[in-house]
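Student: Take a look at this one; I'll ask things after.
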Amino acid sequence: MIQTILDALSYGGLYGLAALGIGLVFGVMRLVNFAHGELIAIGAYLFIITVDLGLPISILIAVTGTAILALLMELSVFKRLRLAGPSVLLIASFGVSIFLQRLYEIIFGALPLSGQIAPWMSGVIEFGNTTITRGSILTIVLALALLAGMRFLIENTTLGLQIRAASSDFQTARLLGVRSNYVIGAAFVFSGVLAAAVAFVLVTQRGSVDPLFGVNITILALVGTVIGGLGSLQGAALGGFAVGMTISLLNSFLGNYRVYTYTWLFILVIIVLLIKPSGLISNKAFKERA
Amino acid sequence: MASEFLPSRQLPGVTRFQWQQLLGPIIVVIALTYLTSGVSASFSYLTEGTLALLVMVLGLQVFIGNSGVLPFGQAAFAMVGGFASGLLTAPIKIKENVLDGLWEPLKAVNMGIWPSLLIAVLVGALFAFITGLLLMRLSGLAAGIATFALLMVADNVFFNWKLIGPGPQVMPQVPKFAFVDESLALTVIVIVVVYLLGISRRGRLLRATREDALAARALGASVWHLRVLFFTISGGIAALSGAMYAHHAGAVTARDFYLGFTFITLAMLIIGGATSLWGAVVGTILVTAIGQVLLVLEGGVNFGSVEITLPNGVRGLVIAAALVVILIWRPKGVTGGKEFKLPFLKTRSAAPG
Amino acid sequence: MSLLSVRDLQAGYGKVEVLFNGHIEVEPGELVGIVGPNGAGKSTFLGAMAGSVKPSSGCIEFEGVSIRGKKPEDIVRLGLALVPEGRAIFTDLTVNENLLLGLTGRRDKSGSAKALAEATELFPVLSTHRDQQAGLLSGGQQQQLAIARALVCEPKLLMLDEPSLGLSPTVIQDVFSVLNKIQELGTAIIVVEQRAHLIMSIASRTLVMREGQVRATLTREDAKDETKLAAAYFGTGSDSE
C-alpha cells in the first residue's frame, strides 16, 4: 500500500517535470512542443554513452547537451516561425520530432542501447516489515528539488519575472523592453534541463534507450499540460503530476482492465477541453496569440 | 438566407466550376497510376498503396482546406474503416480460428469487398459525425489536442478490445483487390467529391469562416454546423482510405493507423498545399516519389563503380525535414495552395488566392 | 530638431491596411493629443511608432534616427514608451512586480531605485498596494500602475492610448492632472483620446484622425471653437490641411 502511494507520487513527480518543461515553452511562444520527447531521448543517450566517465561528468554532459539541442531547435526552426499560429507550430514540432527520431536511428541504431548509469537508484529499503523501492523515493526527492528550484527561479529572479510576464501577455512584455528572443531561448534551455532530469530517472528505471524513448511520456505530459491549463506554469506542473498519479493508480487498481488506462485518460482530456478549452488552472490573461 | 445576397466573387477560394481544375488532377493520377503499375508487380503494389494514402490526404484536405482547423485524429476513422471492411470480408473460418474473442454476429458475417467498403464509409462517417458534434465546438489548439486525444482513445481501444477485432495481433486473410483499377476508380470518385464540395456554397461559406469568423456569422452561417458536416465527410473518406489499405495489404492492425500514418499523411498535405485539391495530389505524389528513391538508396545502388548505401531512417529524416522547411519558407505548400491550371490556357479567374 | 518626426506612415494587419497617412512632429517636453472616431487608426498609429505593429511604408525618426521596423523592445530602450489601450497590466503579478518589469526597458540600470521611487511618488496609492495582485486594483489604480510602469524606464516620449477608457469622471481628472506633472518633469507625451475636449484643454496641439489619416491639426485656441472641432472631427466642411 505504501509502495503504491510512493509509486504514484514518483510517477506524478516525473510527469510533472516533463509537463513543466513543455509548459515553459508553451507559455512564452504558444508552442506545444511534440519534440520535447526527443530532448528526453538525447538526454538518455548522453547518460548511457558517458556512463564510464562517472556520474558527475555524465550529468554535466547530458544536461548541457540536452539544453544545447533545445536551443538549437529554437534557433533553427521555431525562431523562423514566430508569426505562425499554434497549429502550424504544433505540426512543425511534430516534424522536428520525427526528424530527430530518425536521426537517432541513423546515429545510434534502431535497437536499444543499454547501460547501468546509477545502480544505487535500484534496490529496496526495508522499514520494519514493509519494503519500498529506492528508485521511487529518489525520484520523488529529485522531482521535488527540481520543481522547487524552478519555482525559485521563476518567482524570484528577473528572468523568471520576464518569463511570467511574457507567458501572460507577450506583446505588452515586449513593449516594456522584454527581449522576445532572449526569453524564448531561456525557456527552451530550461525545458532542456528539465528533459535531462526526466531522462535520468527514466533511464535508471529502464536501463536502455531507443529512438522512441521519449514519445510516450511526452504525449502523457502534454496531456498534463493541457489539463492543467495552457499558459499557467503551476497548472502545467500540477497537471503533469495529476496525470502521472492517475496513470499509476489506475494501473494499480484496474487489474486486468489496466490496458484501457489511456482510453479513460484521454476521454478525460476531451471532457476537460470541452468544458474549459483553456485548461483547469487557466491564466486569466491567457490569449491565443494571433 | 442572407448569404445568398453575397456575390460569390466575394467569397474566398475557387468559386466557379472549371473543368481543368477537376480533370487536371484526375488525368495526372490516372496517367501516373498506369505508368508506374506497368513497370513491375512490386511497382503496381506500391501504386495501389499510394492511392489509398492519396484518398486519406484528400479526406484531410476537404476538412483542413475548407475549415482551416488542423485535426490530428483523422487516422482514427481510417482505423474504423480498415477494421470494419477487414472484419466483414475475412473468411468465417479464419475469424473462428484466429479471432476467438470476436463478437459472435461479426464472426458469422462474410460479404464482398464492395458492400464492405460502403459499410466502412458509413460507419466511419457515423463515428466522425458523433465525435464531430462534440469536438467541432472547439477551435484552434484545443481542437488539435482534442482530436489527437481521439486518436489515442481509438488506438487504445482497437489495440486491446478483442470483441471488435484482433487486438494487438494482425487480422490476416483480408481479401485483396484484384486490380489496381479498383483503387484508381475509388480515388477518382473521391477527387470528384472533394472538388465539388470545395466549390459548393457550403464549402465557400466554410472557407469564409476560416478567413473571417465574424463576417461569416453575419452571413448566417453556423460555423459549428458546417464544420460537423465537413468533418463527417472527411471521416467517411478517411474510413474508405483505411478500408482500401486493408484490401491492399491483405491484413490490418491498429498500429497501421497511428502516429506514423498521421505524420506522413499530414506531411503530404502540407508539403503539397493544404488549401487545394491539387496540393493534396501533388504532395502525395512528391512525398511518395522521394520516399521511393531514398528507399532504393537505402538498399544500396551502384552508380558505375560507386556504391551508394544510405542508412535506414534517411527516408523519414528527409520527409520530416521537407515538412519543416516548407512550413518555414513556403507555408502554402509547393502548389501555393492553388488549384491545377494549364499554363497556356486563359481563364477568367474567379477570385484571388 | 524635433524629438519625434513621422511622415507618410502606413501600417496594418496582414493584408488589411488601417493607417494610410500618419504624420506627427513632437518637440521635447511637448504634450500632443490625437483624437478621432472609432476605427480611425489611432491605436495602429501608436502601435506602428512603438514597433508592435509593422509599418509597411513611411518614415519614423526619433531624435534624428530612423526607428521604423525596429522591435518594440529596442524602441523602448531608445526612450519611446507606449501604454497600450485597456491598460494591459499583468493582472496575475503584484503591483511591485509590474513596476520592476518596467525597469527592463532602462538602458542605465544604476538609476533604477531612484526611478521607482519617483514613479511611486507620483502615484502614492501604488506604494500602499505594493504586494497586492495587480488584478485586484480598481480601474483607475490599474491605469496609474500602467503609466507608472512606463515611467520607470524614464522615457523621453510617453505615448498613452485612451487612458480614460472605462474610468469615472473624477478618476479621469486625477489621471490627467498627473499627465501635467509628468510633462513638467520634461517628458514629452502623446495622448490618444476619444474625449476630444478633455485632451484639447491640456495639449499644445491636437491631431484629428479619420479613416486612417491625419486630417487636421488644431491648436488650443481652435478647441474653443465648436464648429471648427466638429468640422475636423466629422469631416463636414473642408479639412484645414
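The values are calculated or read from the model by the stated rules, or taken from the named source; none is laboratory data. Bear in mind the structure is a predicted one, so any value in this text is a computation, not a measurement. Because the Cβ atoms are built from the backbone with ideal geometry, glycine has one as well, and the counts that use them run over all protein chains shown.
Student: Name the one entry in B:Leu133, B:Leu163 that is closer than 30 Å to B:Gly68 by Cβ, of a type in the set (A, V, I, L, M), within 13 Å of chain A (Cβ to nearest Cβ) and in contact (Cβ under 8 Å) with a residue 60 or more places away in the chain.
Tutor: Numbers: B:Leu163 fails: closer than 30 Å to B:Gly68 by Cβ.
One residue alone meets the criteria, B:Leu133.
Student: Just one of (1) within 14 Å of chain C (Cβ to nearest Cβ); (2) buried (at least 24 other Cβ atoms within 10 Å of the Cβ) trips up A:Phe188, so point out which.
Tutor: A:Phe188 satisfies all of (1) within 14 Å of chain C (Cβ to nearest Cβ); (2) buried (at least 24 other Cβ atoms within 10 Å of the Cβ) except (1).
Student: Let me ask something additional. Say whether the condition of being modelled with pLDDT of 85 or more, closer than 15 Å to C:Ala81 by Cβ and within 19 Å of the chain's Cα centre (by Cα) is met by at least one residue in the stretch C:128-142. Working first, answer last.
Tutor: So in the stretch C:128-142, the residues modelled with pLDDT of 85 or more come out as C:128-142.
Checking the rest, the ones that are also closer than 15 Å to C:Ala81 by Cβ come to none.
No, the stretch C:128-142 contains no residue that is modelled with pLDDT of 85 or more, closer than 15 Å to C:Ala81 by Cβ and within 19 Å of the chain's Cα centre (by Cα).
Student: Now a separate question. Would you confirm whether or not the stretch B:281-290 contains a residue that is within 14 Å of chain A (Cβ to nearest Cβ), buried (at least 19 other Cβ atoms within 10 Å of the Cβ), within 19 Å of the chain's Cα centre (by Cα) and more than 21 Å from B:Thr187 (Cα to Cα)? It would help to see each step written out before you state the result.
Tutor: Going residue by residue through the stretch B:281-290, those that are within 14 Å of chain A (Cβ to nearest Cβ) are B:283, B:287, B:290.
Those still in the list that are buried (at least 19 other Cβ atoms within 10 Å of the Cβ) too: B:283, B:287.
Those still in the list that are within 19 Å of the chain's Cα centre (by Cα) too: B:283, B:287.
When the remaining residues are screened for being more than 21 Å from B:Thr187 (Cα to Cα), the result is none.
For the stretch B:281-290, residues within 14 Å of chain A (Cβ to nearest Cβ), buried (at least 19 other Cβ atoms within 10 Å of the Cβ), within 19 Å of the chain's Cα centre (by Cα) and more than 21 Å from B:Thr187 (Cα to Cα): absent.
Student: Scanning for something more than 14 Å from chain B (Cβ to nearest Cβ) and within 27 Å of B:Gly68 (Cβ to Cβ), does the stretch A:25-36 turn up at least one residue? Reasoning before the result, please.
Tutor: Step one: of the stretch A:25-36, the residues more than 14 Å from chain B (Cβ to nearest Cβ) are A:28, A:36.
Filter once more, keeping what is within 27 Å of B:Gly68 (Cβ to Cβ): A:28, A:36.
Yes, the conditions are met somewhere in the stretch A:25-36.
Student: Might you check whether a residue that is under 21 Å from B:Gln61 (Cα atoms), touching a residue at least 24 places away in the same chain (Cβ under 8 Å) and β-branched (Val, Ile, Thr) occurs anywhere in the stretch B:308-318? Working first, answer last.
Tutor: Looking only at the stretch B:308-318, we keep the residues that are under 21 Å from B:Gln61 (Cα atoms), and these are none.
Within the stretch B:308-318 (the criterion being under 21 Å from B:Gln61 (Cα atoms), touching a residue at least 24 places away in the same chain (Cβ under 8 Å) and β-branched (Val, Ile, Thr)), the answer is no, since none of the residues qualifies.
Student: Of all residues in the stretch A:26-55, which are surrounded by fewer than 22 Cβ atoms within 10 Å (Cβ to Cβ) and acidic (Asp, Glu)?
Tutor: Once the filter is applied, which keeps residues that are surrounded by fewer than 22 Cβ atoms within 10 Å (Cβ to Cβ) and acidic (Asp, Glu), the stretch A:26-55 yields only A:Asp52.
Student: Residues in the stretch A:58-84 that are modelled with pLDDT of 90 or more and in a loop (DSSP other than H, G, I, E, B): how many? Reasoning before the result, please.
Tutor: Narrowing the stretch A:58-84 to residues modelled with pLDDT of 90 or more: A:58-81.
Now restrict to residues that are in a loop (DSSP other than H, G, I, E, B): A:77.
Of the residues in that region, 1 qualify.
Student: Just checking, does the stretch C:178-196 include any residue being closer than 29 Å to C:Phe20 by Cβ and over 14 Å from the mean Cα position of the chain (by Cα)? I'd like the intermediate steps shown before the answer.
Tutor: Restricting attention to the stretch C:178-196, the residues satisfying the condition of being closer than 29 Å to C:Phe20 by Cβ are C:179, C:188-196.
If we keep only those that are over 14 Å from the mean Cα position of the chain (by Cα) too, we end up with C:195-196.
Looking through the stretch C:178-196, at least one residue is closer than 29 Å to C:Phe20 by Cβ and over 14 Å from the mean Cα position of the chain (by Cα).
Student: How about the stretch B:236-275: which of its residues are at positive phi and either among the charged types (D, E, K, R) or within 14 Å of another protein chain (Cβ to nearest Cβ) (or both)? Spell out how you get there, then give the answer.
Tutor: Let us first name the residues in the stretch B:236-275 that are at positive phi, namely B:250, B:273.
Of everything in the stretch B:236-275, just one residue is at positive phi and either among the charged types (D, E, K, R) or within 14 Å of another protein chain (Cβ to nearest Cβ) (or both), namely B:Gly273.
Student: Now a separate question. Tell me, which residue of the stretch A:85-107 that is over 25 Å from B:Glu298 (Cβ atoms) and facing chain B (nearest Cβ under 7 Å) is modelled with the highest pLDDT? Talk me through it step by step, then tell me what you get.
Tutor: If we filter the stretch A:85-107 for residues that are over 25 Å from B:Glu298 (Cβ atoms), which is where we start, we get A:85-93.
From the residues that got through so far, the ones that are facing chain B (nearest Cβ under 7 Å) too are A:86-88, A:90-92.
Numbers: A:Pro86: 82, A:Ser87: 82, A:Val88: 87, A:Leu90: 90, A:Ile91: 91, A:Ala92: 94.
Here the residue is A:Ala92.
Student: Hey, another quick one. Of the residues A:Leu212, A:Leu268, A:Leu254, only one is more than 23 Å from A:Gly23 (Cβ to Cβ), within 14 Å of chain B (Cβ to nearest Cβ) and surrounded by fewer than 23 Cβ atoms within 10 Å (Cβ to Cβ); which? Step through it out loud before you land on a result.
Tutor: Details: A:Leu212 fails: more than 23 Å from A:Gly23 (Cβ to Cβ); A:Leu268 fails: more than 23 Å from A:Gly23 (Cβ to Cβ).
Only one candidate qualifies: A:Leu254.
Student: For the stretch B:124-156, name all the residues that are surrounded by fewer than 20 Cβ atoms within 10 Å (Cβ to Cβ) and closer than 25 Å to B:Ile113 by Cα.
Tutor: If the condition is that a residue be surrounded by fewer than 20 Cβ atoms within 10 Å (Cβ to Cβ) and closer than 25 Å to B:Ile113 by Cα, then B:Leu126, B:Phe129 are the ones that fit.
Student: Oh, and also: Test A:Glu74 against the criterion of being within 14 Å of chain B (Cβ to nearest Cβ), within 16 Å of A:Asp210 (Cα to Cα) and not small (Gly, Ala, Ser), and give yes or no.
Tutor: On the way: within 14 Å of chain B (Cβ to nearest Cβ): yes; within 16 Å of A:Asp210 (Cα to Cα): no; not small (Gly, Ala, Ser): yes.
No, not satisfied.
Student: Yes or no: the stretch A:152-161 includes at least one residue that is crowded, with 20+ Cβ neighbours inside 10 Å, more than 9 Å from every other protein chain (Cβ to nearest Cβ), of a type outside the set (D, E, K, R) and out of contact with any Pro (no Cβ under 6 Å at 6 or more places or on another chain).
Tutor: Taking the stretch A:152-161 as the starting set, the residues that turn out to be crowded, with 20+ Cβ neighbours inside 10 Å are A:154, A:161.
Next, only the ones that are more than 9 Å from every other protein chain (Cβ to nearest Cβ) stay: A:154.
Still in the running and of a type outside the set (D, E, K, R): A:154.
Subsequent filtering for residues that are out of contact with any Pro (no Cβ under 6 Å at 6 or more places or on another chain) retains A:154.
Taking every residue of the stretch A:152-161 in turn, at least one turns out to be crowded, with 20+ Cβ neighbours inside 10 Å, more than 9 Å from every other protein chain (Cβ to nearest Cβ), of a type outside the set (D, E, K, R) and out of contact with any Pro (no Cβ under 6 Å at 6 or more places or on another chain).
Student: Something else about it: Could you list, in sequence order, all residues of the stretch B:76-101 that are assigned to a loop (DSSP other than H, G, I, E, B) and either β-branched (Val, Ile, Thr) or exposed (fewer than 15 other Cβ atoms within 10 Å of the Cβ) (or both)? Steps first, please.
Tutor: Going residue by residue through the stretch B:76-101, those that are assigned to a loop (DSSP other than H, G, I, E, B) are B:90-91, B:99-101.
If the condition is that a residue be assigned to a loop (DSSP other than H, G, I, E, B) and either β-branched (Val, Ile, Thr) or exposed (fewer than 15 other Cβ atoms within 10 Å of the Cβ) (or both), then B:Pro91, B:Asp100, B:Gly101 are the ones that fit.
Student: I've got another one for you. Scan (1) more than 13 Å from every other protein chain (Cβ to nearest Cβ); (2) out of contact with any Ser or Thr (no Cβ under 6 Å at 6 or more places or on another chain) for the single condition B:Ser116 breaks and write down its number.
Tutor: It is condition (2) that B:Ser116 fails.
Student: May I ask you to list the residues in the stretch C:205-233 that are surrounded by fewer than 19 Cβ atoms within 10 Å (Cβ to Cβ) and touching a Leu at 6+ places or on another chain (Cβ under 6 Å)?
Tutor: Result: C:Thr217, single match.
Student: To continue, here is another question. Exactly one of these conditions fails for B:Ala178: (1) under 25 Å from B:Phe63 (Cα atoms); (2) at pLDDT below 90; (3) away from chain A (no Cβ under 12 Å). Give me its number.
Tutor: (1)
Student: Here's a follow-up. If you check A:Ser168 against the conditions, is it among the polar types (S, T, N, Q), out of contact with any His (no Cβ under 6 Å at 6 or more places or on another chain) and either more than 14 Å from chain C (Cβ to nearest Cβ) or closer than 25 Å to A:Pro56 by Cβ (or both)? Outline the logic, then answer.
Tutor: Numbers: among the polar types (S, T, N, Q): yes; out of contact with any His (no Cβ under 6 Å at 6 or more places or on another chain): yes; either more than 14 Å from chain C (Cβ to nearest Cβ) or closer than 25 Å to A:Pro56 by Cβ (or both): no.
Spelling it out, it is not the case that A:Ser168 is among the polar types (S, T, N, Q), out of contact with any His (no Cβ under 6 Å at 6 or more places or on another chain) and either more than 14 Å from chain C (Cβ to nearest Cβ) or closer than 25 Å to A:Pro56 by Cβ (or both).
Student: With respect to B:Leu141, is the statement that it is more than 9 Å from chain A (Cβ to nearest Cβ) and closer than 26 Å to A:Thr261 by Cβ true? Even if it seems obvious, please write down each step before you answer.
Tutor: Numbers: more than 9 Å from chain A (Cβ to nearest Cβ): no; closer than 26 Å to A:Thr261 by Cβ: yes.
It is false that B:Leu141 is more than 9 Å from chain A (Cβ to nearest Cβ) and closer than 26 Å to A:Thr261 by Cβ.
Student: Go through the stretch A:192-233 and count every residue that is over 19 Å from A:Leu31 (Cβ atoms) and of a type outside the set (Ser, Thr, Tyr).
Tutor: Taking the stretch A:192-233 as the starting set, the residues that turn out to be over 19 Å from A:Leu31 (Cβ atoms) are A:196-197, A:199-213, A:216.
Applying the additional criterion that residues be of a type outside the set (Ser, Thr, Tyr) yields A:196-197, A:199-203, A:205-207, A:209-213, A:216.
Looking only at that region, the number is 16.
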